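Reviewing the structure listed below.
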Amino acid sequence: MAFLSEALGRINPSPTVGITQKARELKQAGRDVIALSAGEPDFDTPQHIKDAAIAAIQAGKTKYTNIEGIVELREAVSAKFKRDNNLDVAVQETFVATGGKQVIFNALMATLDPGDEVVIPVPYWVSYPDIVLLAGGTPIFARADATTGFKLTPEELEGRITTSTKWLILNSPSNPSGAAYSSAELKALAEVLMRHPQVHVLTDDIYEKLTYEGTFATIAEVEPALYGRTVTLNGVSKSHAMTGWRIGYCAAPLPLIKAMAKLQSQSTTHASSISQWASVAALNGPEDFLDGWRRSFIERRDRVVAGLNAIDGVDCLTPPGAFYVFPSIEGLLGRTSAGGSRIVDDEDFVMALLEEAGVALVHGSAFGLPGHFRLSYAASMVELEAALTRIADFCAGLK
Ligand code: PLP
């Protein structure tokens with residue numbers, strides 16, 4: 001009898017966490033490494049949010065809370081959905097979990113049985129397929145590559161839906177591509193979904209506040225008829241630089257809220273009480289700091305895109321959101337690095353770049369799309385300039 005479960009054998013450790021760990025180890029060993037592999041804003045959590053957490057501790061708000069989240073936070077979530085997304089979400093239709101990741105985990109674990117299919121556009125955020133597999137479902141990958149601006153088309157979606165499709169996962173702005181859907185594009189996808197009433201939508205809007213071009217839109221807002229089968233996921237991790245506080249939330253149909261609460265009651269119970277109170281301050285408080293953050297991200301994005309496109313063999317689109325670029329390096333594969341590494345695929349490229357040039361990126365195949373890498377530009381301009389020089393020199397040395 002094997003000690004480790006068969007379910008665990010179906011999944012891989014998170015590759016983004018893996019590369020970041022390797023970069024950290026190299027740094028600890030004294031190597032000069034610029035890590036552009038992590039998915040978190042480099043800004044600090046705003047002071048008013050920290051103050052709210054300290055006040056919560058002082059007031060003794062340090063005990064168990066409701067499974068679904070404290071009422072004050074659920075009210076703030078409901079108000080946020082109305083204010084930002086024009087969604088009428090009852091407080092009972094909101095749910096708070098330990099990060100956006102746990103919302104996804106809860107929703108998929110609570111609904112998937114063997115044989116159930118989940119349509120996932122490629123490239124995808126690394127955890128989607130693994131959570132589907134852990135839950136016993138089958139990921140069905142849909143093409144959303146650079147030819148369509150890294151976006152799923154209605155035709156591709158239609159072609160992937162079967163009678164076994166239970167979910168479509170959307171993520172806009174996207175990790176890893178930074179692509180974002182317009183209202184018209186979401187409307188066209190919604191028209192397909194209206195023909196398939198068994199399909200639910202999990203829309204991961206965690207990068208909503210980091211939209212630089214166009215207006216952010218979410219599918220239940222664009223097509224209200226889908227509201228009853230949509231999970232609209234969001235969180236404070238990226239919007240308020242609160243990755244470590246572990247708070248994610250969603251709007252979802254009541255039966256699913258109840259199912260997620262049942263599941264969570266047997267796992268983490270609820271998100272940290274202190275983080276929940278901090279998140280009340282985040283959602284109800286001012287957002288003026290975001291303009292400065294967005295300006296800074298745009299400046300860094302534009303510099304990085306220009307720097308990468310100046311490298312022969314690298315081809316980079318300018319993404320409208322999040323803090324990643326996802327360039328193609330197809331033109332560099334099949335060469336040998338100055339250090340003697342054969343660069344057959346994108347994983348060879350990022351490994352050789354880390355070893356020889358001290359820049360940590362994530363290979364595109366981790367996101368389901370080989371021949372690319374993901375660079376997170378949530379780093380200082382000084383680090384980005386140095387990284388661009390190192391990447392350019394490394395690429396120039398490929399023979
Ligand atoms: N969804 C996407 C697309 C992400 O990039 C991330 C984090 O990197 C998450 C969800 C998870 O967010 P959280 O830290 O709130 O669990």
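The values are calculated or read from the model by the stated rules, or taken from the named source; none is laboratory data. Being a predicted model, the structure only gives us computed values, none of them experimental. Note: ideal-geometry Cβ built from the backbone for every residue, glycine included; neighbour counts use all protein chains shown.
Structural remarks
- Condition met for Lys187 (modelled with pLDDT of 95 or more, assigned to a loop (DSSP other than H, G, I, E, B) and of a type in the set (Lys, Arg)): no
- Where helices (runs of 4 or more DSSP H) fall entirely within the stretch 1-114, those with at least 3 residues that are more than 16 Å from the ligand (Cβ to nearest atom) are at 6-9, 15-28, 47-58, 71-85.
- Of all residue pairs spaced 6 or more apart or on separate chains, those with beta-carbon atoms under 8 Å, a first member in the stretch 273-288 that is over 11 Å from His240 (Cα atoms) and a second member that is basic (Lys, Arg) are Ser273/Lys61; Ser273/Lys63; Ile274/Lys61; Ser275/Arg246; Trp277/Lys61.
- Scanning the stretch 211-239 for residues that are under 20 Å from Val96 (Cα atoms) and more than 11 Å from the ligand (Cβ to nearest atom) gives Thr218, Ala220, Tyr227, Gly228, Arg229, Thr230, Val231, Thr232.
- Pair list, Cβ under 9 Å, 6 or more apart: the stretch 1-19 residue of a type in the set (Lys, Arg), other residue assigned to a helix (DSSP H, G or I): Arg10/Asp130; Arg10/Leu133; Arg10/Leu134
- Top-ranked residue of the stretch 247-288 - restricted to ones that are in contact with a helix residue (DSSP H, G or I) (Cβ under 6 Å, 6 or more places away or on another chain) and assigned to a loop (DSSP other than H, G, I, E, B), ranked as nearest to Ile219 (Cα to Cα): Pro253
- Each residue in the stretch 166-182 was checked for being among the hydrophobic types (A, V, I, L, M, F, W, C) and near the ligand (Cβ under 10 Å from one of its atoms), and 1 of them qualify.
- Pro13 meets all of the listed conditions (1) under 24 Å from the mean Cα position of the chain (by Cα); (2) surrounded by 12 or more Cβ atoms within 10 Å (Cβ to Cβ) but one, namely (2).
- When Pro121, Pro154, Pro114 are checked against the criterion of being buried (at least 23 other Cβ atoms within 10 Å of the Cβ) and assigned by TED's automatic domain parsing to the domain that holds Tyr227, Pro121 stands alone in meeting it.
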